[in-house]
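J.: Here it is, the structure, as C-alpha cells.
Derivation of every value follows stated rules applied to the coordinates shown; laboratory data play no part. None of these values were measured; they are calculated from a predicted model. Cβ coordinates were reconstructed from backbone atoms using ideal geometry, including for glycine residues, and neighbour counts include every protein chain displayed.
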Amino acid sequence: MTPAADTSRTPVRQTDWTQLALVCFASFVVWTGFGAILPYLPVFLHEQAHAPVWMIGVIASMYYAGTFLFSSPLGRLSDRIGRKPVVVTGMFVYALATLLFVTTTNAWWFLLFRLCEGIGAASVGPAGSAFIADISNDETRGRAYGLLTSAQFGGLVAGPALAILLNTLGGGGRHGFYTIFLVGSAMTLAIGFLLLAFLREPAHVALRRKEKVARPSYRTLATPSIIAFLVVAATSHFAMGGWEVLWSLWLRHLGASMTYVSATWMAFSVPMLFSFAGGMLAEKGNRFRLMFAGYAFSACSWIVYGFTRNLTVFILFNVFEGIAVAISMPAKQAFLVQCSPRRWLGTVQGMEQTSMQLAAWVGTLTAPLLFTWISGYAIGVGGFLALGGLAATAPILSRKWAQITSDGEALSLAEAERLASTPSLGAFDDERSPAR
C-alpha cells in the first residue's frame, strides 16, 4: 500500500477559537449536569435505593468498566471516521442513561445504567481531547486545554449549587433526586443537538484521514514516554475511583450535611475556573514540572483526606488541590500531545483513558472493602499509590521534556524510525514546532 502525499506533517497554523468556544460552552453545560448528579448519586443509592456500600461500589465501577472497555476502540474509531460522530453519539447515549435513573429504585438496574453512562463518556473523552488538539497548534494548545478545563470545572462549581436548588424544588427525598437526574439528562441531550448542528472538524484533519495509511498497533504506539503517561494515569485514578464511592459517604459518616458535601465539590472546583491561567503557564513554562508538581500535591491531598477528621481541613485542601489541578492538567494534556503522533492522537488518548478508567474501576471495587477494614484511611491509600507512580515515571518524562526542548521534535528520531518502519504505515503526523 502506497501512502498518499504527506499532508500530516503540515502543522496547524491557526487555532479555531470559534470551535473552541463552542466546545467550552458545551462542556460547561454537560459538566453542570454531571456536577449536579455526582455528589448526590451515592447518597441516593444508599438512602433511596437502600443499596449497601459494597453495592454502591459495584454500581460506580460499572461506569469505569464502560469507559475502560470502550475508550481505546472509540478513540481509535475517531481517528478513522472523525471526532464529531463519536462525540455526538456519546452525548446522546449519556443523556439516555442518566434519564433511566428515574425509572426505578432497584439497585441492580443501576449497574446497566452506569455502564451505559461509561460508554457515553468513552465516546466523548478521547475523541473530544483529540479534537482540541486538532483545532489548536503547539503555541496555543496549553491555553486551549486550560480554557476547556476552566469550562468543565466551572460546570462542577455550578452543578452542586444547582443541585441544591433542584433538590429543594423537587421537594427533597426521592422526587428531589429525580429532579436532578431529569435536568442533567435534558442538559446533555440539548448539547448533543447543538454539537450535531455546529461542530466542524478542520479540513486538514479530514484530508489526513483520506490518506491510505495502515494503522499502527498499540504496541507500536507504546513508546516509553506514552507508557509513562499511562502509568501516571493509572496510579492517580485508582484514588479517584475510590474517592467517588467514599467521599460523600465518608463526610456523611463524620456528620456533614448534604449542603456541606456539595460545598466541598465547589471548593475544589472554583480554583479550576482559573485553569486558563494554568494553560498560559503551560505555553511558556516547563510542562513536565507543572504537571508533576500538581499531581504530587493532589496525591498528598488524598493522604490528608484519609488521615484527618477535621471538616475545615477538608475544605482548605479541596481549594489547594483545585489550584494544583488547574496548574497541572493543561500542562499534562499539552505535554501528552507533544509525545504523540498526530495522526493517531485519538488512539493515544483512548489508551490513556483506558489506563485511567481501568485503575478507577479497580478503585471503586476495592474502596468499599478497604473502607470496611480501615475506614477513611482507604482514601489515603490511593494517595500513596499516586506518589509511587510519579516517582517511577519522573526520570522518563523528565528526559523526554529535555529532548523536546532541545530539538523541538515531538518524537525522538528513534521513535520516528520505529513508527515509520511499521509495514504500510507510511508517514506519521509529527508537528515539528519548538516547545514553548
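J.: Under the rule of -39500 (n - 2.57) per DSSP H run of 4 or more residues, summed and divided by the residues of the chain, what mean residue ellipticity at 222 nm is obtained, to the nearest 500 deg cm²/dmol?
T.: Numbers: 17 runs with 342 residues, N = 436.
The helix-only estimate for the chain comes to -27000 deg cm²/dmol at 222 nm.
J.: At 7 Å along Cα-to-Cβ for each site, give me the label-to-label distance between A392 and A256 in nm.
T.: The two pseudo-label positions are separated by 3.0 nm.
J.: If you don't mind, there's one more thing I want to ask. Please identify, among R208, R342, R399, the residue showing maximal mean-square fluctuation in a Gaussian network model of the chain using a 10 angstrom Cα cutoff.
T.: The residue with the greatest mean-square fluctuation here is R399.
J.: May I pose another question? Most mobile of T89, T347, T32 per a Gaussian network model of the chain (Cα springs, under 10 Å)?
T.: Of T89, T347, T32, the most mobile in the Gaussian network model is T89.
J.: Taking the Cα centre as origin and putting +1 on Lys and Arg beta-carbons and -1 on Asp and Glu beta-carbons, what dipole magnitude results for the stretch 131-245, to the nearest 20 debye?
T.: On the way: 10 positive and 6 negative charges, 83 e Å.
So the magnitude is around 400 debye.
J.: Starting from the Kirkwood radius over alpha-carbon pairs of the stretch 1-147, derive D by Stokes-Einstein at 25 °C in a medium of 0.890 mPa s and give it in µm² s⁻¹.
T.: Details: Rh = 17.1 Å.
This corresponds to a translational diffusion coefficient of 144 µm²/s.
J.: Under 1.5 on a/c is rounded, so check that first for the stretch 63-115, then, if it is not, pick prolate when a/b is larger than b/c and oblate when it is not; a ≥ b ≥ c are the square roots of the alpha carbon gyration tensor eigenvalues. Walk me through the numbers on the way to the answer.
T.: Numbers: a/c = 5.61, a/b = 1.99, b/c = 2.83.
It comes out oblate by the Cα gyration axes.
J.: Sum up the charges of everything whose Cβ sits under 15 Å from the Cβ of L22, counting Lys and Arg as +1 and Asp and Glu as -1, but leave L22 out.
T.: Working: positive: R83, K84, R200; negative: D16, D134, E201.
Residues near L22 contribute 0 overall.
J.: How large is the dipole of the stretch 27-167 about the Cα centre if only Lys and Arg carry +1 and Asp and Glu carry -1, each at its Cβ, rounded to the nearest 20 debye?
T.: Numbers: 7 positive and 6 negative charges, 42 e Å.
Dipole size: approximately 200 debye.
J.: Right, next: List the relative contact order of the chain as a percent without decimals, with contacts defined as Cα pairs under 8 Å and 6+ residues apart. Working shown, then result.
T.: Values: 850 pairs, mean separation 124.2, N = 436.
Result for the chain is 28 percent.
J.: Related question: Among P160, W109, P85, whose Cα sits farthest toward the positive end of the charge dipole of the chain (+1 at Cβ of Lys/Arg, -1 at Cβ of Asp/Glu, about the Cα centre)?
T.: The residue sitting farthest along the positive end of the dipole is P85.
J.: Taking K and R as +1 and D and E as -1, what net charge do the other residues with C-beta under 9 Å from the C-beta of R200 add up to?
T.: Spelling it out: positives minus negatives among the neighbours equals -1.
J.: For the charge dipole of the chain, defined by +1 on Lys and Arg C-beta atoms and -1 on Asp and Glu C-beta atoms about the Cα centroid, which residue among A122, A267, L246 has the Cα displaced farthest towards the positive pole?
T.: A122
J.: First check a/c for the stretch 263-421, with a ≥ b ≥ c the square roots of the eigenvalues of its C-alpha gyration tensor; if it is under 1.5, answer rounded, and if not, answer prolate when a/b is larger than b/c or oblate otherwise.
T.: Details: a/c = 2.40, a/b = 1.65, b/c = 1.45.
The shape class here is prolate.
J.: Okay, moving on. So how far apart, in nm, are the two label points at T18 and A197 if each is 7 Å from Cα heading toward Cβ?
T.: Modelled inter-label distance: 1.6 nm.
J.: Within the set of other residues whose C-beta is less than 13 Å from the C-beta of A49, count the net charge using Lys and Arg as +1 and Asp and Glu as -1.
T.: Details: positive: R114, R174; negative: E47.
That works out to +1.
J.: Rank G171, G142, G376 by mean-square fluctuation in a GNM of the chain with C-alpha springs under 10 angstrom and give only the top-ranked residue.
T.: G171
J.: Could you tell me how many degrees, from 0 to 90 and to the nearest 10, lie between the Cα long axis of helix 107-134 and the main elongation axis, the longest principal axis, of the Cα atoms of the chain?
T.: Value to nearest ten degrees: 30.
J.: Let me ask another. If I model a spin label as a point 7 Å beyond the Cα along the Cα-Cβ vector, how far apart are those points for E139 and T168 in nm?
T.: 4.9
J.: Cβ neighbours within 10 Å, averaged per peptide: list 108-114, 156-162, 125-131 in order, most packed at the top. Write down the numbers at each step before the final one.
T.: On the way: 108-114: 18.1, 156-162: 22.4, 125-131: 27.7.
In decreasing order of mean packing, 108-114, 156-162, 125-131 become 125-131, 156-162, 108-114.
J.: Can you tell me the dipole magnitude for the chain around its Cα centre, using point charges on the Cβ only (Lys, Arg +1; Asp, Glu -1), in Debye to the nearest 20?
T.: Numbers: 30 positive and 21 negative charges, 79 e Å.
Using Cβ point charges on Lys, Arg, Asp and Glu, the chain gives about 380 debye.
J.: Expressed in nm to one decimal, what extension gain is obtained for the pair A161 and V319 from 0.36 nm per residue of sequence separation less their Cα-Cα distance?
T.: Numbers: separation 158, 0.36 × 158 = 56.88 nm, distance 1.64 nm.
Computed gain between A161 and V319 is 55.2 nm.
J.: Could you tell me how many degrees, from 0 to 90 and to the nearest 10, lie between the Cα long axis of helix 224-253 and the main elongation axis, the longest principal axis, of the Cα atoms of the chain?
T.: So the inclination is approximately 10 degrees.
J.: Ok, one more. Rank the residues E117, E321 as a footprinting-exposure proxy: fewest other Cβ atoms within 10 Å of their Cβ go first.
T.: Values: E117 26, E321 23.
Ranking E117, E321 by Cβ neighbours within 10 Å, fewest first, gives E321, E117.
J.: Can you compute the FRET efficiency between A186 and T372 using 1/(1 + (r/R0)^6), with r the Cβ-Cβ distance and R0 = 35 Å? Round to the nearest 0.05. It would help to have the intermediate numbers written out before the result.
T.: Values: r = 38 Å, r/R0 = 1.07.
The pair A186/T372 has a calculated efficiency of 0.40.
J.: Name the shape class, rounded, prolate or oblate, that the alpha-carbon gyration tensor gives for the stretch 257-327, where a ≥ b ≥ c are the square roots of its eigenvalues, rounded holds for a/c under 1.5, and otherwise prolate holds if a/b is larger than b/c and oblate otherwise. Don't skip to the end; give the middle numbers.
T.: Numbers: a/c = 4.29, a/b = 1.73, b/c = 2.48.
Because a/c hits 1.5 or more and a/b fails to exceed b/c, the stretch 257-327 counts as oblate.
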